[in-house]
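For reference, the structure is listed below as C-alpha cells.
The values are calculated or read from the model by the stated rules, or taken from the named source; none is laboratory data. In this text the structure is predicted, and so the values were computed from the model without any measurement. Virtual Cβ from ideal backbone geometry, glycine too; neighbours counted across all protein chains shown. Surface areas here come from the heavy atoms of the whole protein model, side chains and all, with no ligands, DNA or RNA. Shrake-Rupley method; radii C 1.70, N 1.55, O 1.52, S 1.80 Å.
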Amino acid sequence: MTKSELIARLAARNPHLYQRDVERIVATVFDEISKALASGHRVELRGFGAFSVRSREARTGRNPRTGAAVKVSAKKVPFFK
C-alpha cells in the first residue's frame with residue numbers, strides 16, 4: 001500500500017474529515033516515526049508492528065553492471081517487524 005492509497009482509504013472510512021486533513025494527519029504520523037527513529041528510539045504500533053533502527057557493518061559489495069568490488073560503509077537502517 002502506498003501513502004496515497006492509505007490516505008484515500010482513511011478518507012473513505014472517515015467521511016466527516018476533509019481529504020487535506022487526512023493527508024496532514026498521515027504526514028504528521030510518518031514525520032514523528034521518522035524523528036523517533038532518527039534519535040534512536042523504537043516505535044511500536046500495537047496490533048500492527050514495530051519500527052526500530054539496526055546497524056549494518058561495513059562490507060565489500062559488487063557493482064552489478066561491472067562486477068567490480070565496491071566498499072560499502074557501515075550505516076544504520078530502519079527495520080520493521
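Find the residue count for the range 1-14, including only residues that are of a type outside the set (Asp, Glu) and either in contact with a Cys (Cβ under 8 Å, 6 or more places away or on another chain) or loosely packed, with under 11 Cβ neighbours inside 10 Å (or both). Don't jump to the end; show me each part of the working.
Looking only at the range 1-14, we keep the residues that are of a type outside the set (Asp, Glu), and these are 1-4, 6-14.
Filter once more, so that each one left must be either in contact with a Cys (Cβ under 8 Å, 6 or more places away or on another chain) or loosely packed, with under 11 Cβ neighbours inside 10 Å (or both): 1-2, 4, 12-13.
Result for the range 1-14: 5.
Could you run through the range 36-54 and say how many residues are without any contact (Cβ under 8 Å) to a residue 40 or more places away in the chain and open to solvent by less than 80 Å² (accessible area, probe 1.4 Å)? Give the derivation first.
Pass one, the range 36-54, residues without any contact (Cβ under 8 Å) to a residue 40 or more places away in the chain: 36, 38-54.
Pick out the ones that are also open to solvent by less than 80 Å² (accessible area, probe 1.4 Å) and you get 36, 39-40, 43, 45, 49-53.
Of the residues in that region, 10 qualify.
With the requirement that a residue be open to solvent by less than 50 Å² (accessible area, probe 1.4 Å) and free of Cβ contacts under 8 Å to residues at least 12 places away in the same chain, what does the range 15-35 give you? Talk me through it step by step, then tell me what you get.
Start the filter on the range 15-35 by keeping residues that are open to solvent by less than 50 Å² (accessible area, probe 1.4 Å), which leaves 21-22, 26-27, 33.
Asp21, Ala27 - these are the residues of the range 15-35 that are open to solvent by less than 50 Å² (accessible area, probe 1.4 Å) and free of Cβ contacts under 8 Å to residues at least 12 places away in the same chain.
Inside the range 55-79, can you point out the residues that are within 14 Å of the chain's Cα centre (by Cα), open to solvent by 90 Å² or more (accessible area, probe 1.4 Å) and not charged (D, E, K, R)? Give the steps one after another, and end with the answer.
We begin by selecting, within the range 55-79, every residue within 14 Å of the chain's Cα centre (by Cα); these are 76-79.
When the remaining residues are screened for being open to solvent by 90 Å² or more (accessible area, probe 1.4 Å), the result is 76, 78.
Selection gives Pro78 alone.
Here are some residues: Ala38, Ala27, Ala50. Which one is within 18 Å of the chain's Cα centre (by Cα), modelled with pLDDT under 95 and not aromatic (Phe, Trp, Tyr)?
Working: Ala27 fails: modelled with pLDDT under 95; Ala50 fails: modelled with pLDDT under 95.
Being within 18 Å of the chain's Cα centre (by Cα), modelled with pLDDT under 95 and not aromatic (Phe, Trp, Tyr) holds for just one of Ala38, Ala27, Ala50, which is Ala38.
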